[in-house]
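Colleague: First the structure, then my questions, so here it is.
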Amino acid sequence: MAPHELKTALSSGLLSFPLTDFDSQLQFDPRGYAARLEWLMPYGATVLFAAGGTGEFFSLEPGEYAGVIKTAAETCKGRVPIVGGAGGGTTLAIKYAQEAERNGAQGVLLLPHYLTEATQDGLVQHVDAVCKSVKIGVIVYNRGATRLTATSLLKLAERCPNLIGFKDGLGDIERIVSIRQQLGERFVYIGGMPTHEVYAQAYKALGVPTYSSAVFNFVPRTAIEFYNAYQSGDTITTGRLLDEFFLPYLAIRNKGEGYAVSIVKAGATIVGKTAGPVRPPICDLKPQEVDELAALIRKLGAQ
């Protein structure tokens, strides 16, 4: 898939990032992961991000990473494009990006480098190096220590033809408006806030119409129902789902650090599609919190 074709695929429809399956010993479970992808694909996500944030990219070692991308690419081949996460320092991010390309991914989501802050010049050099290391399309994720400005993205847009997308997880409205106004249609713009459904209407007004959904991992029908209502302007349905599900869900998620991933894995287990536990340093939900989530899902009546 050429970068411009991936850009088109990312421009409409619901996006999601499947959980990575681990067994009871916290080892990657490729058969379980393939089965998960087979279950999720018919629900209609237009692009899936393998080994992304909710896929616990940060906990995978390089050999496992290759297995995750290869399993996703082979399972979804010809049906749903796969974008592989890549992150860390520049040298490591390049290796991950190249491994994603080698194992059949159609694109790369460049995740934050995580620990240290960086100047805009440093971030531009980092993104530029990763883009030039592969031929497939790259989407940059503004989150954590990665806080690219419109000026930096303009430089990158000129240097890197395969930089096709910008995903935002900062919620900085002034920055988003500046980027959207100055870059125009050069990029596809993706909402990437945790539980983005809560932010979807606001981001749409900013010119960011598509987003990735974490809850698609365990209540895919509800995730698609919300997205379709959002796209059609059905505020009655989106309002009902926010009240009945998403806001109570946030109340549980906000009880612990790292729960944006943990709660998704708990939800998958509750609906009979377990992906195993999360890996440290993230912790699983406490039993009482799991019970609260289970009650919420039962009340919703969706799987």
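Colleague: Using only alpha carbons, build the gyration tensor for segment 48-124 and give me the equivalent ellipsoid semi-axes, biggest first, whole Å. If you can, show how the numbers build up before the last one.
Modeller: On the way: eigenvalues 106, 28, 22 Å².
One finds semi-axes of 23, 12, 10 Å for segment 48-124.
Colleague: While we're on this one: Size of the dipole of segment 30-93 about the Cα centre, Lys and Arg at +1 and Asp and Glu at -1 on the beta carbon, nothing else charged, in debye to 20?
Modeller: Details: 5 positive and 5 negative charges, 46 e Å.
So the dipole magnitude of segment 30-93 works out to roughly 220 debye.
Colleague: With every protein chain left in place, what is the accessible area per residue of the chain in square angstrom, probe 1.4 Å?
Modeller: Details: 12530 Å² over 303 residues.
Computed with neighbouring chains in place, this is 41 Å² per residue.
Colleague: If you wrap segment 118-253's Cα atoms in a convex hull and average its projection over all directions, what's the area in nm²? The partial results should precede the final answer.
Modeller: Numbers: hull surface 35.7 nm².
Averaged projected area of segment 118-253's Cα convex hull equals 8.9 nm².
Colleague: Further question on the same structure: Taking the C-alpha atoms of segment 192-251, how large are the radius of gyration and the largest Cα-Cα span, Dmax, in Å?
Modeller: 10.5, 28
Colleague: Which GluC sites (Glu not before Pro) does segment 116-196 hold that lie in a coil by DSSP with at most 11 other beta carbons within 10 Å? Show your work: numbers first, answer last.
Modeller: On the way: sites: GLU117, GLU158, GLU174, GLU185; in loops: GLU117.
Loop-located and lightly packed - GLU117.
Colleague: Once you have the alpha carbon radius of gyration of segment 26-182, what is it after dividing by 2.2 N^0.38 Å, with N set to its residue count? Spell out each step's value before the answer.
Modeller: Working: Rg = 15.5 Å, N = 157, 2.2 N^0.38 = 15.0 Å.
The value comes to 1.03.
Colleague: For the chain, what % of the accessible area comes from carbon and sulfur atoms, probe 1.4 Å?
Modeller: On the way: 6710 of 12530 Å².
The C+S portion of the solvent-accessible surface of the chain is 54 percent.
Colleague: Taking the Cα centre as origin and putting +1 on Lys and Arg beta-carbons and -1 on Asp and Glu beta-carbons, what dipole magnitude results for the chain, to the nearest 20 debye?
Modeller: Numbers: 29 positive and 29 negative charges, 90 e Å.
Rounded to the nearest 20 debye, it is 440 debye.
Colleague: List the equivalent ellipsoid semi-axes of segment 1-108 in whole Å, largest first, each obtained as the square root of 5λ for an eigenvalue λ of the Cα gyration tensor.
Modeller: Working: eigenvalues 80, 63, 24 Å².
Semi-axes (√(5λ), whole Å): 20, 18, 11.
Colleague: Moving on. With only alpha-carbon atoms counted, please give the Rg and Dmax of segment 94-139, in Å.
Modeller: 11.0, 33
Colleague: Filter the trypsin sites (Lys or Arg not before Pro) in segment 72-109 to those in DSSP coil with at most 16 other Cβ atoms within 10 Å of their Cβ, and list the result. Can you show the working numbers first?
Modeller: Values: sites: LYS77, ARG79, LYS95, ARG102; in loops: LYS77, ARG79.
The qualifying sites are LYS77, ARG79.
Colleague: Can you pull the Kirkwood radius for segment 219-289, inverse mean 1/r over Cα pairs, to one decimal in Å? Mind showing how you got there, number by number?
Modeller: Values: mean 1/r = 0.0750 Å⁻¹.
Result for segment 219-289, one decimal place: 13.3 Å.
Colleague: Please state the relative contact order of segment 1-71 as a whole percent: Cα pairs under 8 Å, 6+ residues apart? All intermediate terms of the calculation are to be shown ahead of the outcome.
Modeller: On the way: 72 pairs, mean separation 28.1, N = 71.
Rounded, it is 40 percent for segment 1-71.
Colleague: Also: Given a cut-off of under 8 Å on Cα pairs at least six residues apart, what relative contact order in percent is computed for segment 10-140? Display every interim value, and only then the final one.
Modeller: On the way: 222 pairs, mean separation 27.9, N = 131.
RCO, segment 10-140: 21 percent.
Colleague: Dipole magnitude of segment 1-151 about its Cα centre, charges +1 at Lys/Arg Cβ and -1 at Asp/Glu Cβ only, in debye to the nearest 20? Don't skip to the answer; put the middle values down first.
Modeller: Values: 12 positive and 14 negative charges, 82 e Å.
The calculated dipole for segment 1-151 is roughly 400 debye.
Colleague: Take the chain, drop everything but the C-alpha atoms, weight them equally and run the Debye formula without solvent; then report log10 I(q)/I(0) at 0.06, 0.10, 0.12, 0.13 Å⁻¹ to two decimals.
Modeller: The computed values of log10 I(q)/I(0) come out as -0.17, -0.50, -0.74, -0.87.
Colleague: Could you list, by residue number, the cysteines of the chain that have no other cysteine's beta carbon within less than 4.7 Å of their beta carbon?
Modeller: CYS76, CYS283
Colleague: Now, a different point. Looking at the calculated P(r) for segment 20-79, what percent of the C-alpha pair distances fall above 18 Å? Mind dumping the intermediate values first?
Modeller: Working: 491 of 1770 pairs.
Within segment 20-79, distances greater than 18 Å cover 28 percent of Cα pairs.
Colleague: So, one more: From the C-alpha coordinates alone, can you work out the Kirkwood hydrodynamic radius of segment 90-195, in Å? Mind dumping the intermediate values first?
Modeller: Values: mean 1/r = 0.0727 Å⁻¹.
Kirkwood hydrodynamic radius for segment 90-195: 13.8 Å.
Colleague: Expressed as a whole percent, how much of the Cα-Cα distance distribution for segment 113-174 exceeds 19 Å? Can you show the working numbers first?
Modeller: On the way: 457 of 1891 pairs.
That tail contains 24 percent of the Cα-Cα pairs.
The values are calculated or read from the model by the stated rules, or taken from the named source; none is laboratory data. This one's a predicted model, so the numbers in the text were calculated from it and none came from an experiment. Positions of Cβ are generated from backbone atoms using ideal geometry, with glycine treated the same way; all protein chains shown enter the neighbour counts. These area figures cover heavy atoms from the full protein model, side chains too; ligands, DNA and RNA do not enter into them. Shrake-Rupley method; radii C 1.70, N 1.55, O 1.52, S 1.80 Å.
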